[in-house]
Each structure stands twice: as structure tokens, then as C-alpha cells.
Amino acid sequence: MFDLDGTLADSLDFFLGVHHLLSAKYHFRPIAPHEVEQLRQRSAREIMTHVGLPGWKLPWVVRDFVRLMRRQGQQVGLFAGIAQVLRYLHEQGVQLAVVSSNSVENCQRILGADLCRLMAGMDGGASLFGKRRRINRMLSRLGVRPSQAIYVGDQLSDAEAARAAGVAFGAVSWGYAAPQALARAFPDTTFETVDALRGLADLRRRSPGLPPTAAGTRTA
């Protein structure tokens, strides 16, 4: 199971631009360019505290982010090599799914019809801190045990959701959170490059629950 933004889709620049617009609408601090790398070291909750975004406003901010991406996010695309990796994994018999905070509509547009046909399931609209239930729902829908699955994401909240759902967590080094920050979450596997995701095919050839050490750098 894959997260979308920051994992499959290169949407950080779009997020930063929209953050500036939404900070004015909902009265929290914008992120200055010099703060970006510093904030990539922090969790989503720490970033919310830094910019003064209270939790009760978050659902409205996320809703507007999703809506703006639907209207203005045509420039958001997949990271280079993602399409080829997804096709390879599907050819190897790996069951693929997306579980995202973004909408299913945005996921479908960014992935495109051909890649969407490779997905056994797609679930969107999860709250930033509510992916655990969506992951569990996807497992139930596909008839997969937690020990047979891995959730691949780019944020500390993804690691928390995976652990709470009882599945392995694979961290990607090219997303919203910095690799050093994700290392503190002790991911089961770290993918240093997009091409390293091809190692997920090893999940079909290993004992259930064992993350694919060939996929990247084993960090736990």
C-alpha cells in the first residue's frame, strides 16, 4: 500500500504554494522558504504547532488543499520512475493499493487510467492522523493479513498509522519528511531511490511479515 503525496506524487512545491494561500484564509503562519528544510525534520503535529494551526481547523485546511489540487494541481505528477516501478511490481504479481489523505479523484488523475487499472484498491480522503482505519479497511477489503502487507510513505504520521494497523512501514527518502526524521521512527525498510521500490516484489518470496531488505536500507 502506498501513500500518494510525497511518495508517488511530487507535490511538495504545490503544497507549499497552497499553504501560503490557506494560511491567510485560516489565520496561521505561512512557511518561509528558509524554514522548509528545518520543518522537514519535524512531525506533522510539530509543524502545526510551529505555524499556529490548531487541530480543530485541520479538517477545513485539508478539504481546501484537496479542492485546490483538483482545480489547480495539473502540474503535479509522479516522481520520475514511479510508473515503471508500479508496472514492474504488478507484473511480478504484487497486489498494489493506495491509501491517501488526498481524494480518490486526485489520486486517479495523478496516477492516470493505465496505472489505476493496476491497483487492487484505492482509498482516499483519510484525515492526516486517520490512516490507520483506512489501512485496516483496505486489508479487510483485499483479504490480506497485516503480516502480509507493507505501507510505504514519506511522513512520520504514515509510520504511526502503519504501526497502529500492525503492518510494516517502508520509508521513502524523497518525500515531505527528511530521511533523518523518518529514521527516528525506525522504519522496517528505507527506500533510498525510486528504483529501489522494485524490491517490494521480494514480499511474495519471503516469509509473511518480513520486510524486503533487498528493497533498500534495513533500518530496524
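The values are calculated or read from the model by the stated rules, or taken from the named source; none is laboratory data. Being a predicted model, the structure only gives us computed values, none of them experimental. Cβ sites come from the backbone with ideal geometry, for glycine too, and all protein chains shown count toward neighbours. Heavy atoms of the whole protein, side chains included, go into the accessibility calculation; ligands, DNA and RNA do not. Shrake-Rupley method; radii C 1.70, N 1.55, O 1.52, S 1.80 Å.
Of all residues in region 9-40, how many are open to solvent by 60 Å² or more (accessible area, probe 1.4 Å) and either among the hydrophobic types (A, V, I, L, M, F, W, C) or in contact (Cβ under 8 Å) with a residue 60 or more places away in the chain (or both)?
5
Name the residue that is surrounded by the fewest Cβ atoms within 10 Å (Cβ to Cβ), counting only residues in region 148-185 that are hydroxyl-bearing (Ser, Thr, Tyr) and assigned to a loop (DSSP other than H, G, I, E, B).
173
Residue-by-condition table, conditions (1) within 27 Å of residue 80 (Cβ to Cβ); (2) at pLDDT 95 or above; (3) acidic (Asp, Glu):
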| site | (1), (2), (3) |
| --- | --- |
| 113 | yes, yes, no |
| 126 | yes, no, no |
| 129 | no, no, no |
| 136 | no, yes, no |
| 146 | no, yes, no |
| 153 | yes, yes, no |
| 156 | yes, no, no |
| 163 | no, yes, no |
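Scan region 41-77 for residues that are of a type in the set (Gly, Ala, Ser), part of a helix (DSSP H, G or I) and exposed (fewer than 15 other Cβ atoms within 10 Å of the Cβ) and report the count.
1
If you scan region 42-88, which residues turn out to be within 16 Å of the chain's Cα centre (by Cα), among the β-branched types (Val, Ile, Thr) and under 18 Å from residue 31 (Cα atoms)?
Passing the criteria: only 62.
When you check residue 87 against the structure, is it part of a helix (DSSP H, G or I), open to solvent by 70 Å² or more (accessible area, probe 1.4 Å) and modelled with pLDDT of 95 or more, yes or no?
It is true that residue 87 is part of a helix (DSSP H, G or I), open to solvent by 70 Å² or more (accessible area, probe 1.4 Å) and modelled with pLDDT of 95 or more.
For region 14-41, which positions are of a type in the set (D, E, K, R), at pLDDT 90 or above and within 22 Å of the chain's Cα centre (by Cα)?
Within region 14-41, just 35 meets the criteria.
All but one of (1) under 24 Å from residue 191 (Cβ atoms); (2) surrounded by 18 or more Cβ atoms within 10 Å (Cβ to Cβ); (3) of a type outside the set (S, T, N, Q) hold for residue 145, so report the exception by its number.
The number of the failed condition is (2).
Might you check whether a residue that is closer than 21 Å to residue 42 by Cβ and open to solvent by less than 50 Å² (accessible area, probe 1.4 Å) occurs anywhere in region 193-207?
The first filter runs over region 193-207 and keeps only residues closer than 21 Å to residue 42 by Cβ, leaving none.
Within region 193-207 (the criterion being closer than 21 Å to residue 42 by Cβ and open to solvent by less than 50 Å² (accessible area, probe 1.4 Å)), the answer is no, since none of the residues qualifies.
Would you tally the residues in region 113-142 being surrounded by fewer than 19 Cβ atoms within 10 Å (Cβ to Cβ), in a helix (DSSP H, G or I) and not acidic (Asp, Glu)?
8
Considering every residue within region 93-112, establish whether at least one is in contact with a Pro (Cβ under 9 Å, 6 or more places away or on another chain), part of a helix (DSSP H, G or I) and either small (Gly, Ala, Ser) or within 26 Å of residue 59 (Cα to Cα) (or both). Spell out how you get there, then give the answer.
Residues of region 93-112 that are in contact with a Pro (Cβ under 9 Å, 6 or more places away or on another chain), as a first pass: none.
So far as region 93-112 goes, no, none of its residues is in contact with a Pro (Cβ under 9 Å, 6 or more places away or on another chain), part of a helix (DSSP H, G or I) and either small (Gly, Ala, Ser) or within 26 Å of residue 59 (Cα to Cα) (or both).
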